[in-house]
Amino acid sequence: LYPDDGSSADTLLKNASTALYHSKLQNHSHYQFYHDDLNHDSLESLKLENDLRHAIERNELDLYYQPKIDLESGMVNSVEALLRWRHPAIGMIPPDEFIPLAEKTGLITKLGYWVLETACRQIRKWQDVGHEHLSVAVNLSALQFRQTDLLERIHKTLECTSICANQLELEITESTIMDDIDTASSTMRALHCSGVRISIDDFGTGYSSLSHLKRFPINTINIDRSFIRDITIDSDDAAIVSAIIAMAHNMGLRVIAEGVETREQLDYLKTLDCDEVQGFLFSPPIPHEDAAEFVGKTVDALLPAANTEMSAS
Ligand code: C2E
Ligand code: MG
Ligand code: MG
């Protein structure tokens, strides 16, 4: 706006284009007036984007692993691979901060394949030392899910690492499916036919319902941790979780409760017949070299250690 944002046409256009750039960084339709901080913010995010571009070659990325425990057998049957970025100047940047940037810039595709390959190589190593039944869950972003070479890359990775397709689980969110139902549905069918398992991550936070999802070949529902947090004190949350589990079971789906932090939550989830649990009660995500703490362990072996750690923190 003249004259607040510039007194010449050049400055006005430059600032308008900065505002446009910021508006495009937001998801969905958006408008944006210019203000001085935008220049600073865009320089920061441009720098971070540039650093992220080199993060793989510079060996700054790492995968942490968090166990999922099967409540019927009491065993850790699967681990979720979670991406970490150790920025040389800023330190550890949480995925919630850099994954949206990677999605906006398209870098997520390259990062995502790095995650898939690294996770499958790691699971091979664990299988080689006797944990034959361990499977791995990898998070896929919506953009990655739409890549035309996704299936080919997955098959190649499984082949190179000699992992059975049913030992790979892909976690996608409801919005990934709902954004482009036709493409998502054909990709999911192809993955399902090849034996790869699909789970819906953070279930309950999107707009879809289980009845929507019944049209897709899904194996598992991961109930978002926001419903688990107050499950023992909030009767609404308890009712929602109970209904999700009952409906999912009727549809032949398994259910994982995310973010289990207390013994009370675990005991309550057992009464609801929940299939699997994941959360800080058992272990936070940790580097692969420390994962002997939980790989091949039972729920009972994990509980005392987790309780000590939690009461110490
Ligand atoms: P997510 O896939 O739902 O992963 C679970 C997140 O919840 C992890 O956060 C984990 O540390 C956290 N969590 C697990 N148990 C508990 C608990 O008991 N309490 C609490 N408060 N938190 C718990 P993290 O590692 O920071 O990852 C955040 C999100 O970033 C992930 O959510 C996932 O959506 C995304 N992400 C992580 N790695 C990747 C990746 O390789 N690719 C893609 N596309 N997304 C990823
Ligand atoms: Mg996940
Ligand atoms: Mg989740």
If you average the C-alpha positions of region 32-99 and of region 199-259 separately, how far apart do those two centres end up, in angstrom?
26 Å
Plugging the Cβ-Cβ distance of S211 and T271 into 1/(1 + (r/R0)^6) at R0 = 22 Å yields, to the nearest 0.05, a FRET efficiency of 0.30
Candidates Q127, Q167, Q278, ranked by Gaussian network fluctuation over the chain, Cα under 10 Å, top entry:
Q127
Taking R0 as 30 Å and r as the Cβ-Cβ distance between D179 and L20, the FRET efficiency 1/(1 + (r/R0)^6), rounded to the nearest 0.05, comes to 0.85
Kindly express, to the nearest 10 degrees and within the range 0 to 90, the angle between helix 235-250's C-alpha long axis and the longest C-alpha principal axis of the chain.
70 degrees
Lysines near K14 by alpha-carbon distance under 25 Å, same-chain residues fewer than 8 away left out - which ones?
K24, K47, K104
Degrees, to the nearest 10: 9-25 long Cα axis against longest axis of the chain
10 degrees
Within the chain, the percent of DSSP beta bridges that are antiparallel, given to the nearest 5, stands at 45 percent
Prolate/oblate/rounded label for region 88-151 (Cα gyration tensor, a/c 1.5):
oblate
Work out, step by step, the length gained on full extension between E159 and I233: first 0.36 nm times the residue separation, then minus their alpha carbon distance; give nm to one decimal.
21.9 nm
Within region 70-123: Cβ-based charge dipole about Cα centre, in debye rounded to nearest 20 (Lys, Arg +1; Asp, Glu -1):
360 debye
The extension gain from D149 to M92, computed as 0.36 nm times the residue separation minus the Cα-Cα distance, is 17.4 nm
A student applying the Cα gyration tensor rule (rounded when a/c is under 1.5; otherwise prolate if a/b is larger than b/c, oblate if not) would label the chain prolate
Using a/c under 1.5 as the rounded threshold, could you call region 193-313 rounded, prolate or oblate? The axes a ≥ b ≥ c are square roots of the C-alpha gyration tensor eigenvalues, and prolate needs a/b larger than b/c, oblate otherwise.
oblate
Along the charge dipole of the chain, Cβ charges K/R +1 and D/E -1, which of T109, F33, G195 sits furthest on the positive end?
G195
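Every number here is computed from the coordinates shown, using simple stated rules; none is lab data. Not measured: the values here are computed from a predicted model. Counting neighbours? That spans all protein chains shown, and the Cβs are built from the backbone with ideal geometry, glycine included.
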